[in-house]
1. Among the residues of region 131-147, which ones are in contact with a strand residue (DSSP E or B) (Cβ under 9 Å, 6 or more places away or on another chain) and either of a type in the set (D, E, K, R) or exposed (fewer than 15 other Cβ atoms within 10 Å of the Cβ) (or both)?
2. For region 52-86, give me each residue that is under 17 Å from the mean Cα position of the chain (by Cα), buried (at least 17 other Cβ atoms within 10 Å of the Cβ) and part of a helix (DSSP H, G or I).
3. Name the residues in region 157-206 that are part of a strand (DSSP E or B) and either exposed (fewer than 13 other Cβ atoms within 10 Å of the Cβ) or among the hydrophobic types (A, V, I, L, M, F, W, C) (or both), would you?
4. Working only within region 9-51, note down all residues that are surrounded by fewer than 18 Cβ atoms within 10 Å (Cβ to Cβ), in contact with a strand residue (DSSP E or B) (Cβ under 8 Å, 6 or more places away or on another chain) and either under 22 Å from residue 136 (Cβ atoms) or of a type in the set (D, E, K, R) (or both).
5. Taking region 211-251 only, how many residues are out of contact with any Gly (no Cβ under 7 Å at 6 or more places or on another chain), part of a helix (DSSP H, G or I) and in contact (Cβ under 8 Å) with a residue 24 or more places away in the chain?
6. Can you name the residue in region 207-233 that is surrounded by fewer than 20 Cβ atoms within 10 Å (Cβ to Cβ) and within 24 Å of residue 280 (Cα to Cα) and, of all such residues, is nearest to the chain's Cα centre (by Cα)?
7. Out of all the residues in region 4-23, is one or more assigned to a loop (DSSP other than H, G, I, E, B), among the hydrophobic types (A, V, I, L, M, F, W, C) and either modelled with pLDDT of 95 or more or not assigned by TED's automatic domain parsing to the domain that holds residue 98 (or both)?
Amino acid sequence: MKQNESLPVAIVGGGPVGLAAAAHLTIRNIPFILFEAGETVVANIRSWQHVRVFSPWKYNIDKAARQLLDTAGWNAPDDEGLPTGKELYDEYFKPLANLQSLRPHIHTNSRVMSIGRKNRDKMKSWGREEWPFVMQVHHRDEGVKFYQVRAVIDASGTWNSPNPIGSGGVFAVGEIENSENILYGIPDVLGKLKDRYKNKNVAVVGGGHSAINTIIELNKLKNEYPDTTIHWILRKKNLRDVYGGQEKDALEARGALGIKIEQLVNDDRVNVYTPFQVQEIRSHWRLINTFI
C-alpha cells in the first residue's frame, strides 16, 4: 500500500459529508480530489433552499471545516440560529468550498461512472489491496477522464435515489408512466412551484419531516387558494407515531413540526389515509390501494 500513498483520496459527492471529509483530509495534509455531479457543491441542498431546518447551526458545522474557516477569517453565523437551505449554502458550504486549500481539488459537473482496481478483474481478490483504485469520471466540459487514487470515500448520498411510492420498495404500477405529475423531495409550493399546486388536489405520500414540511406549506397555500385540497397518505398504522416528541423533543423546532401537523389534522385541513399501501397510480391521480 505504501506505493499508493502519494496518490490522492477520492471523494464522491460534494455535499455536507463530502466537504467535511475534504476538510478533515486537508487538516491531516492528505491529498484529495472531490467529484460532484451538480453544478455547485451541495447541489441537492440548493434544491430545497426554501426550507428552514430544525437543527441549529452548531449541529450543522463540521469541526474540521470550522477550524479551516476560522483560520481564514470566517464570519460565523449564530450557533443557535436555524438556517434555511439557502443560508447553509451561502454562509457555510460556499465559503468552505472556496477556501484556497480546498477549491483547486473540487470538480463540479463531474459524474463518477465506475470505480475499480488497477489491473485487477472484479473476480480477482488476491493482492487487490496492493493496487490503486481507478476511477472513470465524466466531466461536462472535458469528457471522460481516468484517475488513480489510493482510497475512495463514497459521500454521494441518496437524495437522487428516492424511495418509490409503491409498497414494498418497488415502483407502483403506473408510477413511472405518471412521473411528470410526481415530485420527489420538498417542492417550493409557495414560490416557483405555486402555480403547479394552487387550487389542485395534492397527494403527499410519506410520514417523514419532508412530508410534514410540505403539508404545512401547502396549508399556507390553501389559505390563499381555498380550492387547494391536501391528501396525506401514510403506511403507518398509528398517526401518533408521526407527531414525534412535540414539546418533549430535544430539538424545539422539530417538536414544533409535530405540533403543527397534529393541529392541521385535528382541524380537518388535511385528508389523512392511513394505513395505506399504494399499489397503482392512474392518470388524474386515482390511487388503487390496499388497506392493511
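1. The first filter runs over region 131-147 and keeps only residues in contact with a strand residue (DSSP E or B) (Cβ under 9 Å, 6 or more places away or on another chain), leaving 131-140, 142, 144-147.
Selection gives 136, 139, 140, 142, 144, 145, 146.
2. 85
3. Residues satisfying the conditions are 173, 202, 203, 204, 205.
4. Residue satisfying the conditions is 31 alone.
5. Total satisfying the criteria: 13.
6. 210
7. Of all residues in region 4-23, those assigned to a loop (DSSP other than H, G, I, E, B) come to 5-8, 13-15.
In the following step, the residues that additionally are among the hydrophobic types (A, V, I, L, M, F, W, C) were identified as 7.
Narrowing further to those that are either modelled with pLDDT of 95 or more or not assigned by TED's automatic domain parsing to the domain that holds residue 98 (or both): 7.
Taking every residue of region 4-23 in turn, at least one turns out to be assigned to a loop (DSSP other than H, G, I, E, B), among the hydrophobic types (A, V, I, L, M, F, W, C) and either modelled with pLDDT of 95 or more or not assigned by TED's automatic domain parsing to the domain that holds residue 98 (or both).
The values are calculated or read from the model by the stated rules, or taken from the named source; none is laboratory data. In this text, all values refer to a predicted model and were calculated from it rather than measured experimentally. Counting neighbours? That spans all protein chains shown, and the Cβs are built from the backbone with ideal geometry, glycine included.
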